[in-house]
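Reviewing the structure listed below.
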Amino acid sequence: MPRPPDLAKRRELLERIYDYVVRNGLSGLSLRPLAEELGTSDRMLLYYFGTKERLIAEVLAMDDRRPMPRVRDRLKTAGPPEDAAGMRRLMEEVWQLFTDPDLRASFPLHLEVMSDSLLHPERYGPVLKDIVAQWTDLLTSALLGTGVPEDRARSHATLLVGAIFGLLLAPLTNGRWDDATAAYHDLLDCLEPAWRAAR
């Protein structure tokens with residue numbers, strides 16, 4: 001009977017692989033140079049993770065700074081927003097999570113996987129489609145709780161998700177995070193009156 005994997009060793013490898021791919025990206029990533037960097041072998045990486053794609057998926061999933069699980073935890077703890085002001089606060093928190101300096105270093109990696117999932121779905125599956133759908137569903141549900149009609153809730157959630165991902169791209173290249181934040185707040189200024197009117 002084969003010996004079961006050492007879970008502590010597996011976790012340590014995941015953490016070190018995460019640091020490596022954040023520094024180097026996924027383009028051209030192969031297991032042999034990665035294993036050499038980690039002081040192990042490509043056979044050992046396959047033993048612990050099965051495939052390179054599964055390894056990358058687990059690396060991304062272990063990042064507990066990701067906004068989605070943190071927003072879900074927040075909604076479970078504090079409850080969903082009850083009115084337009086609460087929805088505004090939630091969306092400001094979402095933006096703060098996405099623009100947290102600690103998350104910025106890993107965001108290019110997440111974008112690389114999302115775009116690669118469009119070009120090569122056999123590698124990582126429909127990652128981008130799933131992420132957009134999860135955020136849209138979550139924000140639609142939050143808006144419905146504030147009294148926004150279903151069609152408008154879905155439309156506003158779609159707008160917010162598109163705006164967040166779109167507004168993150170420019171400051172990743174030019175560093176002008178204040179401009180992106182101001183633009184996002186302008187969007188919330190436009191949407192909040194409609195949320196108030198729904199009550």
Degrees, to the nearest 10: 7-24 long Cα axis against longest axis of the chain: 70 degrees
Between Thr51 and Glu112, what length comes free when the chain is fully extended (0.36 nm per residue of separation minus the Cα-Cα distance, one decimal in nm)? 20.1 nm
Tell me the relative contact order for the stretch 26-109 as a rounded percent, counting alpha carbon contacts under 8 Å between residues six or more apart. 23 percent
Evaluate the stretch 7-61: find the radius of gyration of its Cα atoms, find its Kirkwood radius, and give the ratio Rg to Rh. 0.90
Report the net charge of residues surrounding Leu188, where surrounding means a beta-carbon distance below 15 angstrom and charges are Lys +1, Arg +1, Asp -1, Glu -1. -3
If a/c stays under 1.5 just call it rounded; otherwise compare a/b with b/c (prolate if a/b is bigger, oblate if not). Do that for the stretch 110-193, with a ≥ b ≥ c from the square roots of the Cα gyration tensor eigenvalues. oblate
Can you give the local net charge around Leu26? Use residues other than it whose beta-carbon is closer than 12 angstrom to its beta-carbon, Lys and Arg +1, Asp and Glu -1. 0
How far is helix 107-119 tilted, in degrees, relative to the longest principal axis of the Cα atoms in the chain, given as a value from 0 to 90 rounded to the nearest 10? 90 degrees
Taking only Cα atoms of the chain, the Rg to Rh ratio with Kirkwood Rh works out at 1.04
Relative contact order for the chain, counting Cα pairs under 8 Å that sit 6 or more residues apart, in percent: 20 percent
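Laboratory data are not the source of any read-out in this text; all were calculated from the coordinates shown. As the structure is a prediction and not an experimental result, all values here were calculated from the model. Please note: Cβ atoms are built from the backbone with ideal geometry, for glycine as well, and neighbour counts cover all protein chains shown.
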